[in-house]
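The values are calculated or read from the model by the stated rules, or taken from the named source; none is laboratory data. Not measured: the values here are computed from a predicted model. As a convention, Cβ positions derive from the backbone with ideal geometry for all residues, glycine included, and neighbour counts pool all protein chains shown.
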């Protein structure tokens, strides 16, 4: 019985894995204004590269921690906003209002010469 | 001779004008059409939302006529069904079918 | 041999093999009680009418629909703009689904309040609860198929809700989505659910449901049953069927009129990378749940707000499913309390729905 069901169950769950890292040309992000974000694709999810006021770069997975909607950045209020159920995050990605239970997921961002390397936490 | 030449000139000019007008008109029309087509394709590309509706006046009139006829048909059918209901209920209450069986 | 004789012979030929006359005899002898709550008996056949319309328009739409990431939105657009009468067919499919679900709710509440699930109709009720789930699943999967911004966000939220169920939740989400995230695979999978898997289930469940109803006859409301008077009855065929036809005709007329004058629009193709648009909203029959998700705080008693809601829904569903066994003394205080709960549910659903629209 199990041996019949095993391939069926294996079949219906396709192998999808999050990327370990994404390499982007830094040139595209060089001219970003401070306090703004730019979208990149993190697997099949959107990610945000955010340039902070002091000129440093951060990367987030731009997906709400509540129920998976894509969030947007509102520069005037310096907040992330999820339109699905009115979730708010501050500019550091900390959840500050509405239903989101956790802060936005941070990714590790390294600038290496011409490249912008964005990594999952825990990947070397 | 001069007079003849003048006449020919005026004539040819007239013809030219006439044709050029057509030509202009043709070109103009084409341009307009192209512009309109460009607009349409742009509109299609930029289309934020497709709001469905009858394509032209003919289709919309057709639809109004259909709706009116549909309701008339429904009312007539309901009227007939009401008569039928009265009849079958009457037959049921006088036990028409059960009497026949016995 | 005259034509009438031939017809008779053909009838008896089929009858010998099929036994149609038995069915006809059964339908003639089937009695529908007539009392002041008889109106509710029509809701079931109204659902059936809309279901048949769904099947027919669904067959038509599937001729042109294309369940892939690149083509889904375009093909729906094509149905609405290029295909003659396409927008009407889509509109009827969409409106008929709403009508069907509305009547499913009315049917269910009427049975709850008149307590038609009393012994021996427990299994009818349970198959009905499964039918409700399948119907809602039809609505949910169908909502994604046009692949516009609204439907994508609604599906993201909807498929993420089971994730909060302890242990199995993550796998349910993965099964629904065909992977970690909502992608083109999800669309194709939802199409498969919508046109293959759910129809199989709904036909089996419908067969069971309708068979049980025929076997046990029409239920009498408690108030009527306790009077112990002789109740007027009408034969199902043809007296009741004629009455049902009147209802069908009126509903058909309303459906077509609404579908023609208020056709659903189509937004631009959804972008997986774009932020969720403002004012996203699921179909009206999920609004009460949507509003609950919105107002629940992030944490309640050390667990996530949405985990709390999901557990609440599961518990409510189980109670609901086993309602005939819980409500085993319908005439006493417990039964009255359960009827009262039905009204509370109606008020709750209406309040939440109106609130979410504000």
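Got a sec? Which of B:57, B:61, B:75 is free of Cβ contacts under 8 Å to residues at least 12 places away in the same chain and either more than 22 Å from the chain's Cα centre (by Cα) or surrounded by 13 or more Cβ atoms within 10 Å (Cβ to Cβ) (or both)?
B:75
Residue by residue through region B:81-98, note down the ones that are part of a helix (DSSP H, G or I) and exposed (fewer than 12 other Cβ atoms within 10 Å of the Cβ).
Of everything in region B:81-98, those that are part of a helix (DSSP H, G or I) and exposed (fewer than 12 other Cβ atoms within 10 Å of the Cβ) turn out to be B:83, B:86, B:90, B:93, B:96, B:98.
Going by the conditions given, is residue C:91 buried (at least 19 other Cβ atoms within 10 Å of the Cβ), out of contact with any strand residue (DSSP E or B) (no Cβ under 9 Å at 6 or more places or on another chain), within 14 Å of another protein chain (Cβ to nearest Cβ) and touching a residue at least 40 places away in the same chain (Cβ under 8 Å)?
Answer is yes for this residue.
Are any of the residues in region C:251-262 more than 25 Å from residue A:64 (Cβ to Cβ), over 23 Å from the mean Cα position of the chain (by Cα) and either modelled with pLDDT of 85 or more or surrounded by fewer than 18 Cβ atoms within 10 Å (Cβ to Cβ) (or both)? Give the steps one after another, and end with the answer.
Keep residues of region C:251-262 that are more than 25 Å from residue A:64 (Cβ to Cβ), which gives C:251-262.
Then drop every residue that is not over 23 Å from the mean Cα position of the chain (by Cα), which leaves C:261.
Right, trim to either modelled with pLDDT of 85 or more or surrounded by fewer than 18 Cβ atoms within 10 Å (Cβ to Cβ) (or both) and you get C:261.
Scanning region C:251-262, I find at least one residue that is more than 25 Å from residue A:64 (Cβ to Cβ), over 23 Å from the mean Cα position of the chain (by Cα) and either modelled with pLDDT of 85 or more or surrounded by fewer than 18 Cβ atoms within 10 Å (Cβ to Cβ) (or both), so the answer is yes.
For region A:1-79, please list each of the strands (runs of 3 or more DSSP E) lying entirely inside it that holds at least 3 residues being within 12 Å of chain C (Cβ to nearest Cβ) and either under 17 Å from the mean Cα position of the chain (by Cα) or in contact (Cβ under 8 Å) with a residue 40 or more places away in the chain (or both).
The strands (runs of 3 or more DSSP E) meeting that bar are A:36-42, A:45-51, A:72-74.
Which of the following residues is part of a helix (DSSP H, G or I), over 28 Å from residue C:34 (Cβ atoms) and away from chain A (no Cβ under 14 Å): C:199, C:146?
After ruling out the rest, the residue left standing is C:199.
Looking at (1) farther than 24 Å from residue C:144 by Cα; (2) within 13 Å of another protein chain (Cβ to nearest Cβ), which is the only condition residue C:16 fails?
Checking residue C:16 against (1) farther than 24 Å from residue C:144 by Cα; (2) within 13 Å of another protein chain (Cβ to nearest Cβ), the one that fails is (2).
Keeping to region C:168-193, report how many residues are assigned to a helix (DSSP H, G or I) and within 17 Å of residue C:148 (Cα to Cα). Step through it out loud before you land on a result.
As a first pass, look at region C:168-193 and keep what is assigned to a helix (DSSP H, G or I): C:169-177, C:184-193.
Then drop every residue that is not within 17 Å of residue C:148 (Cα to Cα), which leaves C:177, C:184-191.
Residues meeting the conditions: 9.
Condition first: within 8 Å of chain C (Cβ to nearest Cβ) and assigned to a strand (DSSP E or B). Now tell me which residues in region A:82-124 satisfy that.
Correct list: A:82, A:95.
Which of the residues that make up region A:73-86 are at pLDDT 85 or above and crowded, with 21+ Cβ neighbours inside 10 Å?
Answer for region A:73-86, where residues must be at pLDDT 85 or above and crowded, with 21+ Cβ neighbours inside 10 Å: A:73, A:80, A:82.
Would you call residue C:97 under 30 Å from residue C:324 (Cβ atoms) and either within 14 Å of chain B (Cβ to nearest Cβ) or without any contact (Cβ under 8 Å) to a residue 60 or more places away in the chain (or both)?
yes
Report, by residue number, each residue of region C:211-240 that is in contact with a strand residue (DSSP E or B) (Cβ under 9 Å, 6 or more places away or on another chain), within 19 Å of residue C:44 (Cα to Cα) and within 14 Å of chain B (Cβ to nearest Cβ).
C:233, C:234, C:235, C:236, C:239, C:240
One line per residue, one yes/no per condition, for (1) within 13 Å of the chain's Cα centre (by Cα); (2) within 14 Å of chain B (Cβ to nearest Cβ):
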| residue | (1), (2) |
| --- | --- |
| C:52 | yes, no |
| C:58 | no, no |
| C:66 | no, no |
| C:69 | no, no |
| C:72 | no, yes |
| C:77 | no, yes |
| C:107 | yes, no |
| C:116 | no, no |
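Across region C:280-296, what is the total count of residues that are without any contact (Cβ under 8 Å) to a residue 24 or more places away in the chain and facing chain A (nearest Cβ under 7 Å)?
Residues in region C:280-296 being without any contact (Cβ under 8 Å) to a residue 24 or more places away in the chain and facing chain A (nearest Cβ under 7 Å): 1 in total.
Please report, ordered by residue number, the helices (runs of 4 or more DSSP H) entirely within region C:263-358 with at least 3 residues that are closer than 30 Å to residue C:120 by Cα.
C:305-321, C:323-326, C:333-357
For the condition touching a helix residue (DSSP H, G or I) at 6+ places or on another chain (Cβ under 6 Å) and closer than 30 Å to residue C:94 by Cβ, what is the one hit in C:150, C:206, C:198, C:212?
Exactly one residue qualifies, and that residue is C:198.
Enumerate the pairs (first residue in region C:256-278 and at the interface with another protein chain (Cβ under 7 Å from one of its Cβ atoms); second residue anywhere and surrounded by fewer than 16 Cβ atoms within 10 Å (Cβ to Cβ) and assigned to a loop (DSSP other than H, G, I, E, B)) with beta-carbon separation below 6 Å, excluding pairs fewer than 6 apart on the same chain, so at least 6 apart or on different chains.
Listed pairs, sorted by first residue: C:265/B:51; C:268/B:48.
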